[in-house]
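Enquirer: Let me give you the structure first, and then I'll get to my questions.
The values are calculated or read from the model by the stated rules, or taken from the named source; none is laboratory data. Predicted, not measured: the structure shown is a model, and the values here were computed from it. For neighbour counting, all protein chains shown are included, and Cβ atoms are generated from backbone atoms with ideal geometry for every residue, glycine included.
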Amino acid sequence: MTAAAPIIGNLFLSLAALAGLAILHGLLAARDPYEPLTRRFLFGIRVMMLLFAGRALIVLTGADVFRILVFLGAALVPLAVLLLAEGLLRRHAPAWAKTWVAGGTVVFVVLAFWYSGSIDPARLVALLVFQVAGFAIGGWMVLNRDRDSLSAAENRAVERLALSLLLLAPLAAADFLMVYLGLPVQVSPLGVLFLCWLAVSLARGQGSHRAALGGYLAIAAGATAAGVVVALMAGLERDGAIMVLAVILAAVLVAVLFIEARSLRAEDRSESLLRHMAESEAMAPLDFLRGLQGHPMVEGAALIGPDQLAELDGAVLTRVFAAAPVLRRADPPFAEGIEADHIAHLFDRFDATHILLAESRPMTLVALSMPAIAAAPRVELELRVVQRMARLLADAAEKGAET
């Protein structure tokens, strides 16, 4: 291992943490940057970005003046934790906690501008105590919260914050003590990336802590296995193996965060059938279905009126659509008999993969062709919702005509 290896490793880990934080920042800012809780979360992200930007600039330039950014970021971390905890719990911290955090923040922000090392290690030790106390206050507020006053989603978000603090606090402490612990690189970026992972899993609506942790552990296990193999193949000693493991895990986490964030943004912009139904102003079933015909997911859907069904037995069709209001060519409700013949005739005549019942009197159907690869379970569910909404509109129109 060369003398430059730890320097390169620290630079990569700092840049990886910056990338993960930037991905999370962009995701939250795109959704609702002015929501009070989002503002607090974005403040915490910017504080950590300041810290890691300072670390990267020190390595890239060799200028000690950028230690100011590192100390400023570190001094603001307890304040960010306290503000986020208050926002998530929807209550103020005790006065003593606010006093401690506010006083410590002022002291260490002022000391951050003493960028030389003449007051270290006393400053480093005091800053470590301040940060650990800030994490402890946040954890204490989480443990003593009034669970009944929060919704299930809010309790889930609070618990994710606690999970991230469990890993972030010791890794942040390890950065201060890396010389005494014999660590070749600063490992807090891994804790920050874990925090980003938990936040993205919340944004995806992933309710189970076990599922979120399971996904993280699977990634960590894969990256660790790859790092061990590389270390063994290269014959690396302890320090080299630790650096390889940390770099591979950080790289994999950034890649996964990027993919997850892109997927979330695509979902937010997606033209789902549910969004069309929510935004549609049509009150008549046929108008609603005609508006749906131009939707990319069901483009080219054909409305089948009574004239086109005249050659078929209406009673048989009624039995067919009573059994399955949304017919699928791949899974017909009748495998034999006259019902099966009618179903086969419909699919062959209109070259469709799905046929929906829109109105019963007079019977009106919707035929559409959707490749098997595009017929995901969510799409199938949305088609059933479309059919149900069209029927409800038809029933409402029928009752209005009767009155």
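Enquirer: Scanning the stretch 73-101 for residues that are closer than 14 Å to L161 by Cβ and among the β-branched types (V, I, T), which turns out nearest to the chain's Cα centre (by Cα)?
Expert: The extreme case among them is V81.
Enquirer: Pick from L84, L60: which is under 21 Å from M141 (Cβ atoms) and surrounded by fewer than 22 Cβ atoms within 10 Å (Cβ to Cβ)? Outline the logic, then answer.
Expert: Working: L60 fails: under 21 Å from M141 (Cβ atoms).
Of the residues listed, the single one that is under 21 Å from M141 (Cβ atoms) and surrounded by fewer than 22 Cβ atoms within 10 Å (Cβ to Cβ) is L84.
Enquirer: Would you be able to tell me the number of residues in the stretch 25-72 that are among the aliphatic types (A, V, I, L, M), over 30 Å from the mean Cα position of the chain (by Cα) and either part of a helix (DSSP H, G or I) or on the phi > 0 side of the Ramachandran plot (or both)?
Expert: So the answer is 5.
Enquirer: Select from the stretch 299-344 the residues that are outside any loop (DSSP other than H, G, I, E, B) and within 38 Å of the chain's Cα centre (by Cα) and write down the one among them that is nearest to A358 (Cα to Cα). Break it down stepwise before answering.
Expert: Within the stretch 299-344, the subset outside any loop (DSSP other than H, G, I, E, B) is 302-304, 306-309, 314-323, 326-328, 338-344.
Among the residues that remain, those that are also within 38 Å of the chain's Cα centre (by Cα) are: 302, 326-328.
Details: A302: 12, V326: 10, L327: 12, R328: 15 Å.
For the stretch 299-344, the residue satisfying everything is V326.
Enquirer: State whether the residues of the stretch 139-158 include one that is in a helix (DSSP H, G or I), surrounded by 16 or more Cβ atoms within 10 Å (Cβ to Cβ) and at pLDDT 90 or above.
Expert: We begin by selecting, within the stretch 139-158, every residue in a helix (DSSP H, G or I); these are 139-143, 147-149, 152-158.
From what's left, surrounded by 16 or more Cβ atoms within 10 Å (Cβ to Cβ): 139, 141-142, 154-158.
Now restrict to residues that are at pLDDT 90 or above: none.
Within the stretch 139-158 (the criterion being in a helix (DSSP H, G or I), surrounded by 16 or more Cβ atoms within 10 Å (Cβ to Cβ) and at pLDDT 90 or above), the answer is no, since none of the residues qualifies.
Enquirer: Can you tell me how many residues in the stretch 92-129 are within 30 Å of D146 (Cβ to Cβ), in a loop (DSSP other than H, G, I, E, B) and either free of Cβ contacts under 8 Å to residues at least 12 places away in the same chain or among the hydroxyl-bearing types (S, T, Y) (or both)?
Expert: If we filter the stretch 92-129 for residues that are within 30 Å of D146 (Cβ to Cβ), which is where we start, we get 92-105, 129.
After this cut, where a residue has to be in a loop (DSSP other than H, G, I, E, B) as well, the list is 92-94.
Still in the list and also either free of Cβ contacts under 8 Å to residues at least 12 places away in the same chain or among the hydroxyl-bearing types (S, T, Y) (or both): 92, 94.
Of the residues in the stretch 92-129, 2 are within 30 Å of D146 (Cβ to Cβ), in a loop (DSSP other than H, G, I, E, B) and either free of Cβ contacts under 8 Å to residues at least 12 places away in the same chain or among the hydroxyl-bearing types (S, T, Y) (or both).
Enquirer: Shifting gears a bit: Filter the stretch 1-17 down to residues that are assigned to a helix (DSSP H, G or I) and surrounded by fewer than 21 Cβ atoms within 10 Å (Cβ to Cβ) and give me whichever is nearest to the chain's Cα centre (by Cα).
Expert: Applying the filter and picking the extreme gives L15.
Enquirer: Turning to a different aspect of this structure: Look at S164 and say whether it is modelled with pLDDT of 75 or more and crowded, with 17+ Cβ neighbours inside 10 Å. Before the answer, list the steps.
Expert: Working: modelled with pLDDT of 75 or more: yes; crowded, with 17+ Cβ neighbours inside 10 Å: yes.
For S164, the condition - modelled with pLDDT of 75 or more and crowded, with 17+ Cβ neighbours inside 10 Å - is met.
Enquirer: Out of all the residues in the stretch 1-38, which are of a type in the set (A, V, I, L, M, F, W, C), closer than 29 Å to E237 by Cβ and touching a residue at least 60 places away in the same chain (Cβ under 8 Å)?
Expert: Within the stretch 1-38, M1, A5, F12, L13, A16, A17, A19 qualify.
Enquirer: Which one of these is under 27 Å from L11 (Cβ atoms) and surrounded by fewer than 17 Cβ atoms within 10 Å (Cβ to Cβ): F176, F113?
Expert: Values: F176 fails: surrounded by fewer than 17 Cβ atoms within 10 Å (Cβ to Cβ).
That would be F113, the only listed residue that is under 27 Å from L11 (Cβ atoms) and surrounded by fewer than 17 Cβ atoms within 10 Å (Cβ to Cβ).
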